[in-house]
Amino acid sequence: MAVLEILQYPDPRLRIKAESVTQIDDDIRKKVEDMYETMYVNQGVGLAATQVNIHLQIFTMDISDTRDKPLCVINPEILTKSGMQYDYHGCLSVGAGLGISDKLERAAKLRLRGMDLDGKIFEWDLDELAAICVQHEVDHLNGILFIDHLSRLKLDRIRKKIDKAQRRV
């Protein structure tokens, strides 16, 4: 396994819409293993392939307290959404290590369809943190960052914080 470089905002590659996976082979399995390794090393709860410059419809996540329940979703599709929850979002691609986060409104429950690494189609009903994570990662696969959901004022504050940190480097 390898730890992959996580693209950082404002890298334009984060805006590339990911393509569907048409075949699951050893190359895809290796990419997923590397994504898990990268997600765990960076203490993330989710990682979209787009974040590591792989522009395929794949994301990994592990929201377990023990960090031992990895999930991989290929070609995810959110079928339904219901209710609303308002909670903090952070992102490994937005100001990594700077503690940047903000509250966003997201669906409280959703139904997800995807494919596992064996090529089997599944559907899951998710809520709470799992629903937030899935919506966040699916956004990434569509070239959308959590900061795109923020007001201009909040976005400007985040940009200034990132710019200031980059000047110190």
Working only within the range 141-156, note down all residues that are out of contact with any strand residue (DSSP E or B) (no Cβ under 8 Å at 6 or more places or on another chain), assigned to a helix (DSSP H, G or I) and surrounded by 14 or more Cβ atoms within 10 Å (Cβ to Cβ). Leu155
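Is it true that Arg111 is among the charged types (D, E, K, R) and touching a Leu at 6+ places or on another chain (Cβ under 9 Å)?
On the way: among the charged types (D, E, K, R): yes; touching a Leu at 6+ places or on another chain (Cβ under 9 Å): yes.
Judged against the criteria, Arg111 is a match.
Suppose we keep only residues that are farther than 11 Å from Ile78 by Cβ and buried (at least 20 other Cβ atoms within 10 Å of the Cβ) within the range 129-140. Which one would you say is farthest from the chain's Cα centre (by Cα)?
Filtering the range 129-140 down to residues farther than 11 Å from Ile78 by Cβ leaves 129-130, 132-133, 136, 140.
Next, from what is left, pick out any that are buried (at least 20 other Cβ atoms within 10 Å of the Cβ): 132-133, 136, 140.
Numbers: Ile132: 10, Cys133: 7, His136: 5, His140: 6 Å.
The residue in question is Ile132.
If you go through the range 113-122 one residue at a time, do you hit one that is touching a strand residue (DSSP E or B) at 6+ places or on another chain (Cβ under 9 Å), basic (Lys, Arg), within 22 Å of Val21 (Cβ to Cβ) and at pLDDT 95 or above? Step through it out loud before you land on a result.
Within the range 113-122, the subset touching a strand residue (DSSP E or B) at 6+ places or on another chain (Cβ under 9 Å) is 113-117, 119, 121-122.
Narrowing further to those that are basic (Lys, Arg): 113.
Subset that is within 22 Å of Val21 (Cβ to Cβ): 113.
From what's left, at pLDDT 95 or above: 113.
Checked against the condition, which is being touching a strand residue (DSSP E or B) at 6+ places or on another chain (Cβ under 9 Å), basic (Lys, Arg), within 22 Å of Val21 (Cβ to Cβ) and at pLDDT 95 or above, the range 113-122 yields at least one hit.
Return the total of residues in the range 29-88 being of a type in the set (Ser, Thr, Tyr), crowded, with 19+ Cβ neighbours inside 10 Å and assigned to a strand (DSSP E or B). Talk me through it step by step, then tell me what you get.
Within the range 29-88, the subset of a type in the set (Ser, Thr, Tyr) is 36, 38, 40, 50, 60, 64, 66, 80, 82, 86, 88.
Next, only the ones that are crowded, with 19+ Cβ neighbours inside 10 Å stay: 38, 50, 60.
Narrowing the set further to residues that are assigned to a strand (DSSP E or B) leaves 60.
Residues flagged as of a type in the set (Ser, Thr, Tyr), crowded, with 19+ Cβ neighbours inside 10 Å and assigned to a strand (DSSP E or B) within the range 29-88 amount to 1.
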Report whether or not Leu104 is in a strand (DSSP E or B), touching a strand residue (DSSP E or B) at 6+ places or on another chain (Cβ under 8 Å), without any contact (Cβ under 8 Å) to a residue 24 or more places away in the chain and surrounded by 11 or more Cβ atoms within 10 Å (Cβ to Cβ). no
Modelled with pLDDT under 95, on the phi > 0 side of the Ramachandran plot and surrounded by 14 or more Cβ atoms within 10 Å (Cβ to Cβ), is that true of Gly99? no
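The values are calculated or read from the model by the stated rules, or taken from the named source; none is laboratory data. Every value quoted in this text rests on a predicted model; they were computed, and no experiment measured them. Cβ coordinates were reconstructed from backbone atoms using ideal geometry, including for glycine residues, and neighbour counts include every protein chain displayed.
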